[in-house]
Structure formats: structure tokens, C-alpha cells
Amino acid sequence: MEGEGNGAPNGAPPTALTIVLADDDRAILKLLEVVVRGMGHRPIPVTDGAAALRAIEAERVDMLISDIEMPHLSGIDLCRTVRDRAGESYLFTVLISAHDQRDVAALLDAGADDFITKPVIPAHLQARIRSGQRIIESDRRVRAVNRQLSDTIAEIRSALAHAEQIQRLMLPRRQEGAGFRAYHHWVPSQQLSGDIMAVVDLADDAALFYNLDVSGHGIRAALQATELFHILQARAREYLARHPDFLLPGFLETLNTLIHGRDGYTYIAGTFVVIRPRDRRLEIAQAGTDALHLIGARGDVTAHHRPGFPIGLFGSLDAGSTLVEYAPGTILAVSSDGLALSPDMLAAIPRWLEEAQSGDFGPDPIEARLAALAGPVAPADDLSLSLIVLA
Amino acid sequence: MIDYRVREDGSGTTVAVLNDYLTQENANGLPAAIAEHFTPGTAFTLDLTAVTFIDSSGLGAIVRSFKDKLIMEGITIRIASKQVERLFHITKLDQIFRIEGA
């Protein structure tokens, strides 16, 4: 019956354990060795605590069965020492006591998992070894799953870092048109949140600006943001070819039709602005966001806020837009939903822009400011800020 | 895991109470949780007064839970958090659902 019911789950073959046996009584040591070998495990017999410690440190040992009273290093001190030096796998420890349960608390406090009293009865020892093997195998399974999880998390982090690089290469930082200069700033969240922003040329010096946040986080949102970035350029030009007046409500309805029902999850919140420098006029549409401000040349700030359905959330968008005239030198400031612009920040934006313009293409001081807002770790949501200086 | 409980309010309305937050971490469980207790055409309240934060995934999950604008018009949503209230306002969802303050 040796080795039967050793705790291996679902009929899996039992694993042979390496078991250090420590006892200065050679007769008992021989008995332990016979029992352990008979169960199919590999015994390492030693006659004192110091030798047991050396054996444990020399190779991976699964279990220690040790007498308490031994020369050089007692069983209790041995147990404490191996617990203090926790290794990569769990060492199940059984102490053999000459007394009848009087020192149980001391044994367990020293880190022993189980104990057995003398005289050693083989059936009792076998039962304790089987019990220990169940715990050892459970520990191995947990450690294996933890290793897999760690590897998977490392892969995901690596993929997110690559996705961030691609998104950063894709998104424009500075753009210039007939009547504007645009500066885009982006601080990605820990998991990427799918912010995209750009200006697309239309006809007659007009341009379409957008700052959008694709719903969700992670690789899916980043991929969809990348796809959307390219779709928007193409769709805007297609729409312009069919509708030379390019009014935002009609364009946004076509986008809504494209995105709604695509996968049942994706929608976009964001701001769209058609810049018409010839008329010094903006056409503004906000789809589930309210983060648009106009900063006048004298520092006066006007917030624009018109509730609107996010794009793709419903079958029909029912979109509207607002026409706004602007004076030369006005700054259009549009942030993503993750970034609430305080009055102090809005007041500082003209100065920030001056600093950024003098910094050429080095590290972006505005992005550094946004990152500082998020604190020492990456923000929970992407932070993006587009600043468009209107001529 | 989405943290919610369901009760009847005594007038035949089913009230689903959500706790803490509704984000990408737990939002995908919301439509199935609501489907278990909601029959279109019956009185239903989604109580978000204990929810302090909803992200874009959470908002999408609320809309997916009721599928159709006409069904949403019959749903009451209770809100206490300023962030949640603002989110429903800027996305115009406060014009579709019946919104109650705390």
C-alpha cells in the first residue's frame, strides 16, 4: 500500500520527493530511511542538524523530517534556520519529538508544519509524508501559475509599451496651416486609453481638428485609435468631395454610422472643430465631452459646452454644431476627458506655448507639466491637450 | 467582479444597486447582471448613488444593458457623484434616462 493516496490530484502520477532525514539515533534514522524509500521517495539521511542544513542548501529538498534533540544544531533551531532562509519552493518540515505533545507549541512556533512522537510508527510517518506531499504539490501548482501570470503580465506590459511607441510615432506633435499653428501633447495612461488628435486639411484653407478618446483601455483601444486615425483622414476627404461645404453634423453622422454596432463596445467621445481662417470662424461639435476653451489675446477665457451623444453609442447621433467667430491670436485649447483644465492652467497656457516654441523639438515642456499633474505613476486615463493658435 | 444587489422597492419597481465604481475592470459583467433581473416594460431603477466613478467602458456597459433608446426612456437612474452626474450630462444620457439625484 506504500505510496497510495499520496495527494496527487486527479489521478496524476505521484512525484518522488527529496526528503532530508536527520536523527543522531542510527536505528531510528534507518527506520525513517526504509519508510521513505518504500514510499518511492529519495531519502538523504544525516546524523546531526548542521549536516541537515548543508544538505538542504546543497540541492532542492522538498521535505525535512528531523529529530528535535541532536548535536550541533537542534531540530527546533534547524527548523527556524530553514524558515528564515525561505527558498524558491516550500520546505515541508516534520519534527520528531521524544515527548508526548508537551512541546507542540514550541515546534509549531519554530516553523514546523507537523510533528510525530517517538516511538515512530511507520503508518503514522507515512500519513504525515502523504499530507506533506499534498501541500508541496499544491505549493508547486500555485508557484507555476504565479510564474505564468508574471510572464503574461510582462508580455502585456511589453506589448503596451510597443503600442504606445507606435501611437506616439503616429500622432502629430506640431502642425501648421494657412491660418493656424497646432501643438498636440499626449501623456498615455498606464494601459493606453486611445486618445488621438490631429488637424486634417480641407478645401479653401479650412481644416478639421479633432481630439478624440476611443472607449476602453489597453491594446484594443490603442489599435482602434490607430485605425480611426487613418479612417478619419480618408473619411474627411471623401465627405468633403461629396459635400464641399463640409458641415460637421453631416460628417459626424457618417462617422456614427461607421462606428455604431461595429463590435457592440466601441464608441468615441471627443471634440471636432472646423477652422475657417478666411472667415475667422470655427464650427464646433462636442460628442460626449466638454473640454473646449477659447483663450483670447488678452487672456480672456471662454468655455464651450454643448452636450452631445458620443459617436457610435446610438444608431442616430442627432448631432449639432455651434459657429463661433474668433479674433487673431486666439488660442483654441481642447483637452481629453482625463484632463480637467483649471482656471490657473488656462491662464498659464499662453506662457506654456511661448516656452514650448522656444524649445524646438526637444522634450516637450507641456507634456512634462501634464505628466507632473498625474504624479509619480502614469495617469489612469490618457491626458491629451491640443493648443491651436489661430492667426 | 461587479458589486451589486437587487431588491424590490414595495411598489413593484426592481432596484439594482451598484457599489464603488464601474470601469473596464468590472463593466462587462453589468449587462448580464441586469438581464437577470430586468424585463423590458417593467419598472426598473439603476441606483448609482454609491458609485463614485464611471469610465468610458462603464458608460458603454450601461447603454448596452438596455440596448434600445425606447427602453432606456423607461429606466430611472439614481446618481449622487458629481463625476457621474457630469458624465451623464455631457453625453446627453440625462436626456434619455430618467435621472434622479440622491
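Computed from the coordinates by the stated procedures, all read-outs in this text should not be read as laboratory data. Predicted model only: the values in this text are computed from it and were never measured. When we count neighbours, we look across all protein chains shown, and the Cβ atoms used for this are built from the backbone with ideal geometry, even at glycine.
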Original post:
Which order results if A:W352, A:W186 are arranged by neighbouring Cβ count within 10 Å, fewest first?
Top reply: A:W352, A:W186
Subject >> Euclidean distance of C-alpha centroids, the range A:35-62 and the range A:224-257, integer Å >> reply: 73
**OP:** For B:N19, enumerate residues with amide H under 5 Å from its amide H, sequence gap 5+ or separate chain, H modeled in the peptide plane.
**Re:** B:D3
Original post:
For chain A, treating each Cα as an identical point scatterer without solvent, what Debye log10 I(q)/I(0) comes out at q = 0.07, 0.10 1/Å?
Top reply: -0.55, -0.68
Subject >> Within chain B, percent of DSSP bridges classed antiparallel, to nearest 5 >> reply: 25
Subject >> GluC sites (Glu not before Pro) restricted to the range B:60-102 and DSSP loop, no more than 12 other C-beta within 10 Å >> reply: B:E73
Original post:
If you rank A:H217, A:H162, A:H304 by fewest surrounding Cβ atoms within 10 Å, what's the result?
Top reply: A:H162, A:H304, A:H217
Original post:
For chain A, what are the DSSP H helices with axial Cα length of 15 Å or more and mean Kyte-Doolittle hydropathy of at least 0.5?
Top reply: A:26-38, A:248-259
**OP:** Go through the range B:3-20 residue by residue and turn each phi into a ³J(HN,Hα) via Karplus (6.51, -1.76, 1.60, θ = phi - 60°); whole Hz please, and just put x for glycine and proline.
**Re:** 9, 8, 9, 10, 8, 9, 8, x, 10, x, 8, 7, 10, 9, 9, 9, 10, 6
Original post:
Over chain A, what is the mean sequence separation of C-alpha contacts under 8 Å (at least six apart), divided by residue count, expressed as relative contact order in percent?
Top reply: 13
Subject >> Two-decimal ratio, the range A:55-158, of alpha-carbon radius of gyration to 2.2 N^0.38 Å >> reply: 1.29
Original post:
Ratio of the range A:175-277's C-alpha Rg to 2.2 N^0.38 Å, to two decimals?
Top reply: 1.10
Original post:
Hey, how many Å between the Cα centroid of the range A:77-147 and the Cα centroid of the range A:156-218?
Top reply: 59
**OP:** Kindly work out what percent of the DSSP beta bridges joining two residues of the protein assembly as shown are antiparallel, to the nearest 5.
**Re:** 60
Original post:
How would you classify chain B from its alpha-carbon gyration tensor, with a ≥ b ≥ c the square roots of the eigenvalues: rounded for a/c under 1.5, else prolate if a/b is greater than b/c, otherwise oblate?
Top reply: rounded
Original post:
Residue by residue, what Karplus-based ³J(HN,Hα) values in Hz, rounded to whole numbers, does the range A:204-215 have, using 6.51, -1.76 and 1.60 with θ = phi - 60° and x for Gly and Pro?
Top reply: 6, 6, 6, 8, 9, 9, 9, 9, 10, 10, 6, 4
Original post:
Taking neighbour Cβ counts within 10 Å as the exposure measure, how do A:S335, B:S56, A:S74 sort from fewest upward?
Top reply: A:S74, A:S335, B:S56
**OP:** For the range A:18-98, state which trypsin sites (Lys or Arg not before Pro) are in a DSSP loop and have at most 13 other beta carbons lying within 10 Å of their beta carbon.
**Re:** A:R60, A:R85
Original post:
How many angstrom separate the Cα center of the range B:33-51 from the Cα center of the range B:60-89?
Top reply: 10
**OP:** When a/c is below 1.5 the answer is rounded, else prolate if a/b is larger than b/c, else oblate, so apply that to the range A:245-391 with a ≥ b ≥ c taken from the square roots of the Cα gyration tensor eigenvalues.
**Re:** oblate
Original post:
Using modelled amide H (1.01 Å from N, peptide plane; none on Pro or chain starts), what sits under 5 Å from the amide H of B:K92, excluding residues fewer than 5 places away?
Top reply: A:G308
Original post:
Where nothing but the Cβ of Lys and Arg (+1) and of Asp and Glu (-1) is charged, how large is the charge dipole of the protein assembly as shown around its Cα centre, in debye to the nearest 20?
Top reply: 600
